[in-house]
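Beneath this line is the structure, given in structure tokens, with notes to follow.
What follows draws every value from the coordinates through simple rules; no lab data is involved. Being a predicted model, the structure only gives us computed values, none of them experimental. Because the Cβ atoms are built from the backbone with ideal geometry, glycine has one as well, and the counts that use them run over all protein chains shown.
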Amino acid sequence: MPPYPFSKLNVFKTKSALGEYLAPFRKSGKRIGFVPTMGALHAGHISLIQAAKKENDLVVCSIFVNPTQFNDPEDLKKYPRPVEKDLALLEEHHCDVVFMPEVEEMYADNAPWTHDFGLLERVFEGKFRAGHFRGVGQIVKMLFESVEPHHAYFGQKDFQQFLVIKKLVSDFHMPVELTACPIVREANGLAMSSRNVHLSLEERSNAGQIFRILSQTRENLYLFPVAELEKTAMEQLALIPGASPEYFNIVNNTDLSAVTNPETEAVCVALVAVRIGKTRLIDNMILKP
């Protein structure tokens with residue numbers, strides 16, 4: 001009996017079973033698209049599934065809450081895991097295959113992971129969540145090796161993570177094409193996130209101010225010095241009820257280095273992290289496409 005008999009999806013729990021199922025598709029030249037997730041799916045994830053379906057013959061979605069990318073055990077413990085809801089959503093949107101391994105399946109050999117992503121893993125999210133990107137790199141590499149996709153899709157909301165994964169693919173010469181898909185937002189502008197379920201109705205409403213501040217920064221990009229824009233944004237974030245801003249910075253889109261003169265940059269991105277109550281939110285906006 002399949003592990004989730006209520007679902008019509010092709011759900012696999014082991015790398016060997018997944019590989020056996022995908023082998024004939026790969027052998028016949030079918031393109032495999034891949035969407036790695038930690039579950040608690042929302043419209044942002046579904047937009048990735050839809051993008052993958054447009055460009056591939058078969059779409060694989062993984063659901064795996066990866067313990068090595070959590071630096072706070074409590075954060076890992078409370079991460080939402082609505083498995084039945086997730087599978088129903090994937091089935092509704094015609095995902096073909098779901099890979100849902102247990103922790104023991106992915107980390108059976110317990111091999112140490114020592115790859116260094118350089119400055120990318122030490123600034124912003126890497127600074128506030130020590131070891132986070134090493135955990136991300138470790139699991140994404142294993143998932144890519146398990147699925148062997150031609151194309152993988154990620155959300156722009158995790159902008160720094162996408163750059164880390166690009167470096168992973170480059171460093172290990174992995175034959176997978178990467179796409180960052182646009183952020184999907186709630187009606188008030190709040191970036192969709194699995195963590196939004198922890199926000200109260202009032203907090204969710206207040207969190208919409210993050211998008212307003214990002215948008216205002218984009219409008220004022222050439223009117224004020226970058227340092228002043230960053231300072232103003234941090235001050236405005238601090239005025240959100242219950243908010244504790246961690247950073248707001250305008251950076252280059254390739255290596256996250258500081259931008260001093262937007263006119264000399266091809267692309268500028270504003271990165272922000274702020275706690276609303278007990279929930280930590282991240283967001284970003286391309287200021288100069």
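Among 61, 95, a tally of other beta-carbon atoms within 10 Å of each Cβ gives an order, fewest to most, of 95, 61.
Computed extension gain for residue 288 through residue 21, at 0.36 nm per residue and net of the alpha carbon distance, reaches 91.8 nm. Using a Förster radius of 35 Å, what is the FRET efficiency between residue 224 and residue 122 based on their Cβ-Cβ separation? Nearest 0.05, please. My answer for the efficiency is 0.80. If R0 is 25 Å, the Cβ-Cβ spacing of residue 254 and residue 188 corresponds to a FRET efficiency of close to 0.20. Antiparallel beta bridges, as assigned by DSSP with both residues in the chain, represent about 50 percent of the total such bridges. With 26 Å as the limit on Cα-Cα distance, the pairs of 127/167; 231/288; 54/278; 15/166 that go past it are 54/278. For the chain, a simple Cβ point-charge model (Lys and Arg +1, Asp and Glu -1, everything else neutral) yields a dipole of about 280 debye relative to the Cα centre. Counting beta carbons within 10 Å around each of 171, 158 and listing the fewest first gives the order 171, 158.
Which FRET efficiency value, to the nearest 0.05, is calculated for residue 172 and residue 197 with the Förster distance at 25 angstrom and r the Cβ-Cβ distance?
0.15
Close amide H contacts of residue 151 (hydrogens built in the peptide plane, cut-off under 5 Å, sequence separation of 5 or more or a different chain): 32, 34, 177. Dipole size of the stretch 10-181 about its Cα centre, with +1 on Lys/Arg Cβ and -1 on Asp/Glu Cβ: approximately 340 debye, rounded to the nearest 20. Taking Rg and Dmax of the Cα atoms in Å as the quantity of interest, determine which of (1) 24.1, 79; (2) 18.0, 51; (3) 19.4, 63 was computed from the displayed structure. Given (1) 24.1, 79; (2) 18.0, 51; (3) 19.4, 63, the structure-derived one carries the label (3). Sorted ascending by nearby beta carbons within 10 Å, beginning with the fewest, 125, 263, 55, 186 become 263, 55, 186, 125.
Just to be sure I understand the model, the point goes 7 Å from the Cα along the line to the Cβ. What's the resulting residue 278 to residue 179 distance in nm? That separation, rounded to one decimal, is 3.9 nm. Modelled this way, with points 7 Å down the Cα-to-C-beta line, the labels at residue 239 and residue 264 are 3.2 nm from one another. Relative to the current alpha-carbon distance between residue 93 and residue 110, full extension at 0.36 nm per residue lengthens the span by 2.6 nm.
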